[in-house]
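J.: Just dropping this structure here.
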Amino acid sequence: MLGPSDEDLDSFGGFGRNSGAMSKAFSMSSLRRQVSKESTGMSPSVLMIGTGEYTTGFVHGAASDSDKGAGVVALTMFDLRARGKVNRLGLCGTNGTKIPSILKHMESAIGNVYSGLDLTLQTFPAENVIDAYAYRSAMKDFVPGDCVTIFTPDDTHFEIALAAIEHGLHVLVTKPAVKTLEQHRILCEAAHKHNVLVSVEVHKRWDPMYTDARDKIKEL
């Protein structure tokens, strides 16, 4: 599999070796090129880490009453799979007892609303298990060249992202990527060493509310 070149790492921002801007991300064209698995003809599988509002639309034991009631990340991944862009999907949290409620919610908010989407997921941890480090075992079910999304509390981003990088997985982590410059530099070096891409997701850029406002402004 083709890994990121020095030009990718140094020119696009993101987690480039010499990047000084923590909020920039690798260009999406570069990201698509790197994770396409062209050599095997396979689309990458994706492990979604974090089961909260932005991933599933489920928060505090119920559907979110915000504009993200159906979530964003999981819905997007189901759509990408329907389009043949990604393969197997996994969903990892820390409290397995919540999984049945989350799946029921997604069936209601996504399965019953959007046609043609397969909501099949491999979930972690097991439904009777609470494990703050479930992501470690979950990553073992994915192979180098696959991807992870990280939408978890800010202070967990670094540890999860580093574990994913060391497993050879490409990473999309929501902002802020890390809490310190030292952590940023460690991820930079790890991404280069393991030949993977790490991108920072600034999610307000894609929020339906802001997208709608942008479209309406264009019509003025």
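J.: Quick one: PRO144 ticks every box in (1) free of Cβ contacts under 8 Å to residues at least 60 places away in the same chain; (2) part of a loop (DSSP other than H, G, I, E, B) bar one, so which box is it?
T.: The one condition PRO144 does not meet is (1).
J.: Does HIS157 qualify as being touching a helix residue (DSSP H, G or I) at 6+ places or on another chain (Cβ under 9 Å), farther than 14 Å from LEU91 by Cα and without any contact (Cβ under 8 Å) to a residue 24 or more places away in the chain? Give the derivation first.
T.: Values: touching a helix residue (DSSP H, G or I) at 6+ places or on another chain (Cβ under 9 Å): yes; farther than 14 Å from LEU91 by Cα: yes; without any contact (Cβ under 8 Å) to a residue 24 or more places away in the chain: yes.
Yes; evaluated as a whole, the condition is true for this residue.
J.: In this structure, does ALA177 turn out to be in contact with a Phe, Trp or Tyr (Cβ under 9 Å, 6 or more places away or on another chain), crowded, with 19+ Cβ neighbours inside 10 Å and part of a loop (DSSP other than H, G, I, E, B)?
T.: Numbers: in contact with a Phe, Trp or Tyr (Cβ under 9 Å, 6 or more places away or on another chain): yes; crowded, with 19+ Cβ neighbours inside 10 Å: yes; part of a loop (DSSP other than H, G, I, E, B): yes.
Criteria met by ALA177.
J.: Now for a different question. Just to verify a result, which residue in the stretch 132-155, among those that are over 14 Å from the mean Cα position of the chain (by Cα) and of a type in the set (Ser, Thr, Tyr), is most open to solvent (accessible area, probe 1.4 Å)?
T.: TYR133
J.: Which ones in the stretch 180-195 are open to solvent by less than 10 Å² (accessible area, probe 1.4 Å) and either closer than 21 Å to GLY50 by Cα or among the hydroxyl-bearing types (Ser, Thr, Tyr) (or both)?
T.: Scanning the stretch 180-195 gives HIS184, LEU187.
J.: Would you check which residues across the stretch 66-81 are within 18 Å of VAL202 (Cβ to Cβ) and of a type in the set (D, E, K, R) and list them? Don't jump to the end; show me each part of the working.
T.: Keep residues of the stretch 66-81 that are within 18 Å of VAL202 (Cβ to Cβ), which gives 66-68, 71-73, 76.
Matches in the stretch 66-81: ASP67, LYS68.
J.: Next up: When you scan the stretch 170-187, do you find a residue that is aliphatic (A, V, I, L, M) and touching a Cys at 6+ places or on another chain (Cβ under 9 Å), even just one?
T.: At the first step, the residues of the stretch 170-187 found to be aliphatic (A, V, I, L, M) are 171-173, 177-178, 181, 186-187.
From what's left, touching a Cys at 6+ places or on another chain (Cβ under 9 Å): 171-172.
Scanning the stretch 170-187, I find at least one residue that is aliphatic (A, V, I, L, M) and touching a Cys at 6+ places or on another chain (Cβ under 9 Å), so the answer is yes.
J.: Cβ contacts < 9 Å: first residue at positive phi and modelled with pLDDT under 95, restricted to the stretch 115-131; second residue open to solvent by 50 Å² or more (accessible area, probe 1.4 Å) and not in a loop (DSSP other than H, G, I, E, B), any location; separation 6+ or different chain. Result?
T.: Listed by first residue and then by second, the contacts come to GLY116/ALA82.
J.: Give all pairs with beta carbons closer than 7 Å in which a residue from the stretch 207-219 that is open to solvent by 60 Å² or more (accessible area, probe 1.4 Å) meets a residue that is in a helix (DSSP H, G or I) and at pLDDT below 90; count only pairs at least 6 apart in sequence or on separate chains.
T.: Hits for this filter: TYR210/LYS204.
The values are calculated or read from the model by the stated rules, or taken from the named source; none is laboratory data. As the structure is a computational prediction, the values presented were derived from the model and not from experiment. Counting neighbours? That spans all protein chains shown, and the Cβs are built from the backbone with ideal geometry, glycine included. Protein only, heavy atoms only, side chains kept; ligands, DNA and RNA dropped before computing areas. Shrake-Rupley method; radii C 1.70, N 1.55, O 1.52, S 1.80 Å.
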